[in-house]
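Worksheet: one structure, shown below.
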Amino acid sequence: MNISVFGLGYVGAVCCASFAERGHQVIGVDVNQAKVDLINAGTSPIVEKGLDPLIEKNVKRKSLRATTNAKEAILNSEITFICVGTPSQSNGRIDLSYIFKVSQQIGEILQEKDTFHTIVIRSTVTPGTQDRCMQIVADFSGKKANEKFGFVANPEFLREGTALWDFDNPPYTVVGASCPRSEKVIQELYKDLDAPIFSIKPKEAEMIKYANNNFHALKVTFANEIGNICKALGIDGHKVMEIVTKDSKLNLSPYYMKPGFAYGGSCLPKDVRGLSYLAKSLDLEVPMLASLEKSNHYQIQKGIKLILDSDAKKVGILGMAFKAGTDDLRESPMVILIETLLGKGLEISIYDANVHLSSLLGKNKDYITGHIPHIYKLLKPNYEEVISESDLIVVGNKTEEFKDILQKVPGEKTIIDLVRIDDSLITAKNYVGICW
């Protein structure tokens with residue numbers, strides 16, 4: 001394929017060399033003449049292991065060249081990668097001016113081009129950027145999006161020092177296309193990589209890079225705070241974290257990585273508080289660990305607001321325990337939610353087969369009758385009663401039974417799902433998710 005790459009910084013230079021190495025004809029574009037001259041001389045404009053010889057090799061075999069002439073590059077390529085910088089402003093806002101300027105350039109040049117052109121945003125951008133760039137290109141080219149040109153969000157996952165290896169061995173390839181034709185072009189471009197390709201919505205693709213990088217920052221901060229506590233106690237923090245990362249069933253897995261309602265139960269709340277208190281007693285600051293409770297409380301308040309904003313006066317609750325498959329109500333966020341709604345004057349009815357059975361057998365009866373007797377009175381023995389008495393149904397945990405129950409909820413009754421119980425419900429008109 002004929003590819004042009006706008007921006008010969010870190011991402012752009014790596015993309016130029018890597019695409020050329022895979023047999024494509026690549027033209028690098030930059031306003032900086034020095035970078036262009038370096039590429040054409042077979043030298044990398046950045047310091048990156050293995051990049052110099054790769055650029056030299058592909059310049060010599062004429063599969064890679066660079067220019068300051070944007071028009072030449074666009075007219076001689078079918079795919080354009082935008083790899084220009086998106087620096088941070090003093091208030092933290094991302095500066096997208098370079099992205100928009102390149103989009104305008106592309107739009108102006110496409111006036112002279114009859115063939116279809118695919119534009120790929122490789123830079124890290126905030127969600128919604130692709131939509132705006134697509135409009136800019138349409139305005140300046142006078143051509144209709146998805147007919148004469150198409151856009152794709154294709155975030156990179158390159159680490160400095162291992163970028164060439166990362167390009168050839170990505171964890172996955174993300175393709176956020178608003179145009180089916182461009183989507184197929186990019187899928188074809190990456191088909192030889194030994195990694196799954198995920199075709200998703202453009203805004204989802206744009207958000208993934210931010211989610212990934214913030215998760216990496218979270219992990220570094222978490223390890224440092226655990227390490228600081230370990231050092232104060234005379235413990236080897238590296239050994240602790242080494243064993244933590246050996247658990248791929250829970251610690252490094254999708255299990256806890258599902259947006260939804262707050263955590264609860266007998267372990268997480270207690271242990272989060274316990275570790276923060278231990279750090280405080282050691283005169284250590286652990287800002288991230290100390291923020292967990294606050295963030296968890298916010299998620300409970302978010303669920304409460306979602307219900308109150310519905311203006312429903314009669315609310316049915318499916319699931320009162322903090323998670324499916326248990327009767328444990330200790331620090332269940334659902335209990336906090338229910339108590340708040342009662343305090344606001346709402347009529348509540350609850351169905352949770354595990355809690356009901358537990359109360360009958362006496363397993364959890366002392367806690368129920370001793371701590372939340374006012375809520376226990378609202379527990380119904382069957383879900384039919386809850387549905388019939390309520391204008392709004394709230395799903396509080398992932399009990400498998402609730403999937404079938406929700407199919408029986410009349411269309412005029414709203415469903416608020418706090419746990420994403422069933423993906424098939426998402427398109428229903430009476431369905432609302434807490435964070436999707």
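Brief remarks follow.
- Working from Cα pairs under 8 Å separated by at least six residues, relative contact order for segment 150-198 is 43 percent.
- Each of Asn224 and Tyr256 was given a label point 7 Å from its Cα along the Cα-to-Cβ line. The distance between the two points is 2.0 nm.
- The residues of the chain expose on average 51 square angstrom of accessible surface per residue, using a 1.4 Å probe on protein heavy atoms.
- With every protein chain in place, segment 1-84: carbon and sulfur % of accessible area (1.4 Å): 51
- Partners for Lys231 among lysines (Cα-Cα distance below 23 Å; same-chain residues under 8 apart left out): Lys219, Lys239, Lys246, Lys270, Lys280
- Rounded to the nearest angstrom and listed largest first, the equivalent-ellipsoid semi-axes of the chain from its Cα gyration tensor are 52, 28, 17.
- Taken about its Cα centre, the chain carries a charge dipole of about 240 debye when Lys and Arg each add +1 at the Cβ and Asp and Glu each add -1 at the Cβ.
- Note on segment 282-427: with neighbouring protein chains present and a 1.4 Å probe, carbon and sulfur make up 50 percent of its accessible heavy-atom surface.
- Protection proxy ranking of 210-221, 128-139, by the mean of other Cβ atoms within 10 Å over each peptide's residues and highest first, is 128-139, 210-221.
- Segment 163-177 - phi-based ³J(HN,Hα) in whole Hz, Karplus 6.51/-1.76/1.60, Gly and Pro as x: 5, 5, 5, 5, 4, 7, 10, x, x, 5, 10, 9, 10, x, 10
- Gaussian network model of the chain, springs between alpha carbon atoms under 10 Å - residue of Pro254, Pro196, Pro410 with greatest fluctuation: Pro254
- For Ile393, residues with placed amide H under 5 Å, excluding near neighbours: Gly316, Thr414, Ile415, Ile416
- Nearby lysines by direct alpha-carbon distance to Lys429 (threshold 19 angstrom, same-chain neighbours under 8 apart not counted): Lys403, Lys408, Lys413
- Accessible surface of segment 97-238, 1.4 Å probe, proportion on carbon and sulfur as whole %: 53
- Exposed loop sites here mean GluC sites (Glu not before Pro) with a DSSP loop assignment and at most 13 other beta-carbon atoms within 10 Å; the chain contains its longest site-free run at 161-284.
- For Ala66, nonlocal amide neighbours, meaning residues 5 or more places apart or on other chains whose placed amide H falls under 5 Å from its own, are Gly28, Asn40.
- Each Cα pair under 8 Å and six or more residues apart adds its sequence gap; the mean of these over the residue count of the chain is a relative contact order of 9 percent.
- Whole-number D in µm²/s for segment 12-65 (Stokes-Einstein; Kirkwood sum over Cα pairs; 37 °C, 0.692 mPa s): 311
- Point-charge dipole on Cβ atoms (K/R +1, D/E -1) for segment 110-229, about Cα centre, debye to 20: 340
- Computed [θ] at 222 nm, helices only, for the chain once each DSSP H run of length n ≥ 4 contributes -39500 (n - 2.57): -13500 deg cm²/dmol
- Between Gly237, Thr369, Asn91, the Cα set farthest toward the positive side of the dipole of the chain (charges on each charged residue's Cβ, about the Cα centre) is that of Asn91.
- Distant-in-sequence amide H partners of Ile119 (H built 1.01 Å from N, under 5 Å): Thr80, Gly150, Phe151, Val152
- A straight Cα-to-Cα reach below 15 Å connects Lys184 with the aspartates and glutamates Glu78, Glu147, Asp192, residues fewer than 8 places away in its own chain not being considered.
The values are calculated or read from the model by the stated rules, or taken from the named source; none is laboratory data. Note that the structure is a prediction, hence the values are computed from the model and not measured. Cβ: placed from backbone, ideal geometry, glycine included. Neighbour counts: every protein chain shown. To get the accessible areas, we keep the full protein, side chains included, count just its heavy atoms, and leave off ligands, DNA and RNA. Shrake-Rupley method; radii C 1.70, N 1.55, O 1.52, S 1.80 Å.
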